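Contents: one structure, followed by commentary.
The values are calculated or read from the model by the stated rules, or taken from the named source; none is laboratory data. The structure presented is a predicted model; accordingly, all values stated were derived computationally and were not measured. Neighbour counts run over all protein chains shown; Cβ positions are idealised from the backbone, glycine included.
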2 protein chains.
Amino acid sequence: MFKCLLTFACTLLCATAASSQTVDPATLDNLVDAALADSWAYERLAELCDEIGPRLAGSPGMVKAKEWSVRSMKEAGFDSVWMEEVTVPVWTRGREWARVTAPVEFELEMIGLGHSDGTGRGGIEAPVMVVGGFEELSIRSEEVPGKIVLFDMPWEGYGSVATYRVRGTSPAAEFGAVATLVRSATDRSLGTPHTGMMRYAAGAPRIPAAALTVEDAGRIRRLVAKGHEVRVRLSMEAENRDSTICHNVIGEIRGRELPDEIVLLGAHLDAWDAGTGAHDDGGGCAMVMAAARQILQQNLRPRRTVRVVHFTAEENGVFGGKAYLETHRDELDRHILAMESDSGSFAPRGFSVDANDVVIADIAARCAPLARLAPEHWSVRRGGSGADIGFIVREGVVGVGHRVDGTHYFDVHHSGADTFDKIDPTALARNVAAIAGLAWVVAEPTARPGETPAGGPE
Amino acid sequence: MFKCLLTFACTLLCATAASSQTVDPATLDNLVDAALADSWAYERLAELCDEIGPRLAGSPGMVKAKEWSVRSMKEAGFDSVWMEEVTVPVWTRGREWARVTAPVEFELEMIGLGHSDGTGRGGIEAPVMVVGGFEELSIRSEEVPGKIVLFDMPWEGYGSVATYRVRGTSPAAEFGAVATLVRSATDRSLGTPHTGMMRYAAGAPRIPAAALTVEDAGRIRRLVAKGHEVRVRLSMEAENRDSTICHNVIGEIRGRELPDEIVLLGAHLDAWDAGTGAHDDGGGCAMVMAAARQILQQNLRPRRTVRVVHFTAEENGVFGGKAYLETHRDELDRHILAMESDSGSFAPRGFSVDANDVVIADIAARCAPLARLAPEHWSVRRGGSGADIGFIVREGVVGVGHRVDGTHYFDVHHSGADTFDKIDPTALARNVAAIAGLAWVVAEPTARPGETPAGGPE
């Protein structure tokens, strides 16, 4: 009863103190401070990573992860928690290995690419052709038939390598390659293979595709450069199977005054079967959930609804994001803002906003008190939002990307190194504080982001 | 003929210019500059790492490595190249794997420890007991029977962890453990298991032993701390086999005036079967060989003999070093100095000297012109020399350790990440220059290190 009275008093106070675009500074400060002092996200993430682990959509791990998600959202005290069906193509890895058989024999550290077909029984053995990009592949296309093509791309940022992982296989197949290999998309390797999604072009022969470590790709490149014919034997049991039903998991804190207006906080629940998806994107799931929970923990109830979404099947084709758009197409105009956290749980840096200049400036101003979470690094600026929310952002919803220090993200991304020990609890808590703060400054004031208040500018 | 005359003139000049303790500064500078401009060590190391690779003593790789060593020393132009027999116990790894079977199933990234026995067919499955050291093992000894003991040691330098790798198994076995696991001896991991030597105490049950990644050890520790019984299934085909004959490979530049006095430059040729032994210790082998070669390339011939030794079987028990002592016991007083390079091929830092203060000060003074190879970092100071030369140093030979930047050595040490791509050609050339310089300032002056010249101090 005492708690109820307190809640009521606080709600009244907040409603009073908040102007059309701003919130009560003390309330925001308290929310941030409480998030900084809280370890709930860290504990939930430990459970997800250590006690569940890999959770590719369609795998048994994802079933457990979904249960973790529902259980955690209920524990967080959300008003409602539900699941929405998503049809997802199932891919299984099976056993896989590769070795160099000439001019010197050695085992390759490899990992098959997501949604690659397997090699069939007995595997494939062929000489390797090393290319530095699509242009070289095209120029040397007459050499390709019967070869395993290795894309050995120097690191110039993630996209420079990941392009060949996602789209490199089919052009090589069309020239007659029997398999493709790609150097792992990372700047730093300690013998660490990195997987990720690949796609076959319609009509192209479906040849198998795998990633090698930076180390092994370099060794093959150097051997070939010395004039050796390098032969590789590749065996992959990977299979593309029938579709199955997975679920986006959604939890809400219902708004006290504008419950139909939604501030969405999203992250993706699925993770590759290397490592335990700590930074990609278990941390995101824990953080968005903990951010909304922290508002309740402060006995606050925002004017608008705060909706937490754990998307499924981002890694193998953003199926959860697509399904969310289809399911919620009729209520997109009620989505005031959608934020996604999918860049890891390193120290916070601010937000990137995919909207017009007025909205960006307004969000930046509302978030200014959060700058203390990233001294000398904080910024709210124009930029991309996220893969999952991308579908609704392209339909006009204001999109926000959660920005963090990216220095070491690709050290661990999609690899066996993306594990709970890489999570800094302090950075995690600071991110929770930043996301809770963003949710509050968007969900609480009467004015939407970028909206001129009824009474004119303040 | 012209070359012969030049060589003769140069030899005469050097002999003239060198005082009893110093060398002609221009000659030393030229030697260093030539080494800095040379890529022979880098090319030889590429061949060893990429075209041969792992080379545990007793393995087929070591046979090829020995041939590489002989071929390279002959190519370097040494006056004589020979091999000396070393009896080495043979250990083979075979296939190996480990997985956690409860409370959640996951594959462990593991690597068996060198000279561990295997598990036998079918492997071993048992609950894991996590301990933080020998003291805890002893206090909790009643819990040990039937368990797999995991030594999960925080990194406080190599020795803090490696002690448990080398000597942890037998105490656990004596308390009734069925196998031991140890967290990899590294400060930085990207899912990278690190192997190394282990030893059974006489009379203790010979249970199998393996290393886990930092990531997997941490996950098991956290699961146990949460109250879970963690069960591991371990399968290792490892076998300790009969001994075989391996070889130290030795090459010499014969001294022009004191050929019986030897300046030894050593490194070990063998390497673990993870990675390709680039820093440990292929780089050392390439550098000591290239340093001596550079003296010849400058048409110099030192007063004393410079002897390059590629020791065999350091990793599995320093058998090459022991054998060298036995073979050369009668000529130890002719060893003026022995230097070993076995700390990686990172940027040079100077030398550590295992000798009396007078000798240390003299070597430091002679090496002073080399300080330009490590601006702001150079020092020649008291310290250890090396495992291989340790046997003759303990008999009184002046021992010198080649010091390099150690920041990243244990990132790659004994792991799949110790590969040629981790070698910086500039750092490698600077090391060759430093070692060539040391060899010259010790082999050329009439006075031995620390010796008061006949004509009194200069």
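Out of B:Met83, B:Met153, I need the residue that is in a strand (DSSP E or B) and touching a residue at least 12 places away in the same chain (Cβ under 8 Å). Which one?
Values: B:Met153 fails: in a strand (DSSP E or B).
After ruling out the rest, the residue left standing is B:Met83.
Determine which member of the set B:Val100, B:Val166 is within 16 Å of B:Leu234 (Cα to Cα) and in the same structural domain as B:Arg233 (by TED's automatic domain parsing). Talk me through it step by step, then tell me what you get.
Numbers: B:Val166 fails: within 16 Å of B:Leu234 (Cα to Cα).
Of B:Val100, B:Val166, the one residue that is within 16 Å of B:Leu234 (Cα to Cα) and in the same structural domain as B:Arg233 (by TED's automatic domain parsing) is B:Val100.
Okay, residues lined up against (1) farther than 16 Å from B:Ala387 by Cα; (2) in the same structural domain as B:Tyr409 (by TED's automatic domain parsing); (3) in contact with a Pro (Cβ under 9 Å, 6 or more places away or on another chain); (4) in contact (Cβ under 8 Å) with a residue 40 or more places away in the chain:
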site: B:Gly284; (1), (2), (3), (4): no, yes, no, yes
site: B:Met289; (1), (2), (3), (4): yes, yes, no, yes
site: B:Ala292; (1), (2), (3), (4): yes, yes, no, yes
site: B:Arg301; (1), (2), (3), (4): yes, yes, no, yes
site: B:Arg304; (1), (2), (3), (4): yes, yes, yes, yes
site: B:Arg307; (1), (2), (3), (4): yes, yes, no, yes
site: B:Phe311; (1), (2), (3), (4): no, yes, no, yes
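Could you please let me know if A:Ala371 is surrounded by fewer than 21 Cβ atoms within 10 Å (Cβ to Cβ), touching a strand residue (DSSP E or B) at 6+ places or on another chain (Cβ under 7 Å), more than 14 Å from chain B (Cβ to nearest Cβ) and modelled with pLDDT of 95 or more?
Numbers: surrounded by fewer than 21 Cβ atoms within 10 Å (Cβ to Cβ): yes; touching a strand residue (DSSP E or B) at 6+ places or on another chain (Cβ under 7 Å): no; more than 14 Å from chain B (Cβ to nearest Cβ): yes; modelled with pLDDT of 95 or more: yes.
Spelling it out, it is not the case that A:Ala371 is surrounded by fewer than 21 Cβ atoms within 10 Å (Cβ to Cβ), touching a strand residue (DSSP E or B) at 6+ places or on another chain (Cβ under 7 Å), more than 14 Å from chain B (Cβ to nearest Cβ) and modelled with pLDDT of 95 or more.
Inspect the stretch A:418-432 for any residue being of a type in the set (D, E, K, R) and within 26 Å of A:Leu325 (Cβ to Cβ) and give the result as yes or no.
Looking only at the stretch A:418-432, we keep the residues that are of a type in the set (D, E, K, R), and these are A:418, A:421-422, A:424, A:430.
Now restrict to residues that are within 26 Å of A:Leu325 (Cβ to Cβ): none.
Within the stretch A:418-432, not a single residue is of a type in the set (D, E, K, R) and within 26 Å of A:Leu325 (Cβ to Cβ).
Determine if the stretch B:332-349 includes at least one residue that is surrounded by fewer than 20 Cβ atoms within 10 Å (Cβ to Cβ) and basic (Lys, Arg).
The answer is yes; a qualifying residue exists.
Between a residue in the stretch B:359-381 that is closer than 14 Å to B:Val23 by Cα and any residue that is of a type outside the set (Ser, Thr, Tyr) and assigned to a loop (DSSP other than H, G, I, E, B), which pairs come within a Cβ distance under 6 Å, given they are 6 or more apart or on different chains?
The qualifying pairs are B:Asp362/B:Pro449; B:Asp362/B:Gly450; B:Ile363/B:Pro449.
With respect to the numbered conditions (1) within 30 Å of A:Asp362 (Cβ to Cβ); (2) within 12 Å of chain B (Cβ to nearest Cβ), which one is the sole condition not fulfilled by A:Glu47?
In the conditions (1) within 30 Å of A:Asp362 (Cβ to Cβ); (2) within 12 Å of chain B (Cβ to nearest Cβ), A:Glu47 misses (1) alone.
Quick check on the stretch A:408-450: of everything there that is more than 14 Å from chain B (Cβ to nearest Cβ) and of a type in the set (Val, Ile, Thr), which residue is surrounded by the fewest Cβ atoms within 10 Å (Cβ to Cβ)?
Filtering the stretch A:408-450 for residues that are more than 14 Å from chain B (Cβ to nearest Cβ) and of a type in the set (Val, Ile, Thr), the one surrounded by the fewest Cβ atoms within 10 Å (Cβ to Cβ) comes out as A:Thr426.
Out of the residues in the stretch B:184-201 meeting the condition of being away from chain A (no Cβ under 13 Å) and not hydrophobic (A, V, I, L, M, F, W, C), tell me which one is surrounded by the most Cβ atoms within 10 Å (Cβ to Cβ).
Of the residues in the stretch B:184-201, the ones away from chain A (no Cβ under 13 Å) are B:185, B:196-201.
From what is left, the residues that are not hydrophobic (A, V, I, L, M, F, W, C) are B:196, B:199-200.
Details: B:Gly196: 24, B:Arg199: 18, B:Tyr200: 18.
So, considering only residues that are away from chain A (no Cβ under 13 Å) and not hydrophobic (A, V, I, L, M, F, W, C), the one surrounded by the most Cβ atoms within 10 Å (Cβ to Cβ) is B:Gly196.
Please go through the stretch B:375-412 and pick out each residue that is out of contact with any strand residue (DSSP E or B) (no Cβ under 9 Å at 6 or more places or on another chain) and among the aromatic types (Phe, Trp, Tyr).
B:Phe391, B:Tyr409
Which one is farthest from A:Thr119 (Cα to Cα), of the residues in the stretch A:214-229 that are of a type outside the set (Gly, Ala, Ser) and more than 10 Å from chain B (Cβ to nearest Cβ)?
Checking each candidate, the answer is A:Val224.
For the stretch A:230-244, what are the residues that are surrounded by fewer than 19 Cβ atoms within 10 Å (Cβ to Cβ) and within 14 Å of chain B (Cβ to nearest Cβ)?
none
Could you grab me the full set of residues in the stretch A:135-181 that are within 14 Å of A:Arg199 (Cβ to Cβ) and of a type in the set (Phe, Trp, Tyr)?
Within the stretch A:135-181, A:Tyr164 is the sole residue that qualifies.
Exactly one condition in (1) among the aliphatic types (A, V, I, L, M); (2) away from chain A (no Cβ under 14 Å); (3) buried (at least 19 other Cβ atoms within 10 Å of the Cβ) is false for B:Ala204; which is it?
Of everything listed in (1) among the aliphatic types (A, V, I, L, M); (2) away from chain A (no Cβ under 14 Å); (3) buried (at least 19 other Cβ atoms within 10 Å of the Cβ), B:Ala204 misses just condition (3).
Within the stretch A:245-272, how many residues are over 21 Å from the mean Cα position of the chain (by Cα) and exposed (fewer than 15 other Cβ atoms within 10 Å of the Cβ)?
2
Scan the stretch A:183-240 for residues that are of a type in the set (D, E, K, R) and in contact with a Leu (Cβ under 8 Å, 6 or more places away or on another chain) and jot them down.
Kept after step one, since they are of a type in the set (D, E, K, R), are these residues of the stretch A:183-240: A:183, A:187-188, A:199, A:206, A:215-216, A:219, A:221-222, A:226, A:229, A:231, A:233, A:237, A:239.
Matches in the stretch A:183-240: A:Arg183, A:Arg188, A:Asp216, A:Arg221.
Which of the residues that make up the stretch B:110-150 are within 30 Å of the chain's Cα centre (by Cα) and assigned to a loop (DSSP other than H, G, I, E, B)?
At the first step, the residues of the stretch B:110-150 found to be within 30 Å of the chain's Cα centre (by Cα) are B:110-119, B:131-134, B:149-150.
Answer for the stretch B:110-150, where residues must be within 30 Å of the chain's Cα centre (by Cα) and assigned to a loop (DSSP other than H, G, I, E, B): B:Leu113, B:His115, B:Ser116, B:Asp117, B:Gly118, B:Thr119, B:Gly132, B:Gly133.
Spot the failing condition for A:Val88; the list is (1) crowded, with 23+ Cβ neighbours inside 10 Å; (2) within 14 Å of chain B (Cβ to nearest Cβ), and only one is missed.
(2)
Can you work out which of the residues in the stretch B:86-109 that are among the charged types (D, E, K, R) and assigned to a strand (DSSP E or B) is farthest from B:Val178 (Cα to Cα)?
B:Glu107
Can you tell me how many residues in the stretch A:411-448 are of a type in the set (Lys, Arg) and more than 22 Å from A:Thr213 (Cα to Cα)?
Initially, the stretch A:411-448 is screened for residues of a type in the set (Lys, Arg), giving A:422, A:430, A:448.
Subset that is more than 22 Å from A:Thr213 (Cα to Cα): A:430, A:448.
Residues in the stretch A:411-448 being of a type in the set (Lys, Arg) and more than 22 Å from A:Thr213 (Cα to Cα): 2 in total.
Give me the pairs, please: first residue somewhere in the stretch A:132-145 and farther than 20 Å from A:Val214 by Cα, second residue anywhere and in a loop (DSSP other than H, G, I, E, B) and not aromatic (Phe, Trp, Tyr), beta-carbon distance under 6 Å, and either six or more positions apart or on two chains.
Close Cβ pairs (under 6 Å, with a partner that is in a loop (DSSP other than H, G, I, E, B) and not aromatic (Phe, Trp, Tyr)) amount to A:Val144/A:Gly176; A:Val144/A:Ala177; A:Pro145/A:Gly176.
From the set of residues in the stretch B:107-126 that are surrounded by fewer than 16 Cβ atoms within 10 Å (Cβ to Cβ) and either out of contact with any Lys or Arg (no Cβ under 6 Å at 6 or more places or on another chain) or farther than 27 Å from A:Ala417 by Cβ (or both), which is farthest from the other protein chains (Cβ to nearest Cβ)? Let's see the steps before the verdict.
Here is the first cut: in the stretch B:107-126, the ones surrounded by fewer than 16 Cβ atoms within 10 Å (Cβ to Cβ) are B:107, B:120-122.
Next, only the ones that are either out of contact with any Lys or Arg (no Cβ under 6 Å at 6 or more places or on another chain) or farther than 27 Å from A:Ala417 by Cβ (or both) stay: B:120-122.
Numbers: B:Gly120: 23, B:Arg121: 20, B:Gly122: 19 Å.
Restricting to residues being surrounded by fewer than 16 Cβ atoms within 10 Å (Cβ to Cβ) and either out of contact with any Lys or Arg (no Cβ under 6 Å at 6 or more places or on another chain) or farther than 27 Å from A:Ala417 by Cβ (or both), the top hit is B:Gly120.
Can you name the number of the only condition in (1) of a type in the set (D, E, K, R); (2) under 29 Å from B:Ser59 (Cα atoms); (3) away from chain A (no Cβ under 14 Å); (4) touching a residue at least 12 places away in the same chain (Cβ under 8 Å) that B:Glu174 fails?
The one condition B:Glu174 does not meet is (2).
Could you tell me how many of the residues in the stretch B:85-119 are touching a helix residue (DSSP H, G or I) at 6+ places or on another chain (Cβ under 7 Å) and among the charged types (D, E, K, R)?
Total satisfying the criteria: 1.
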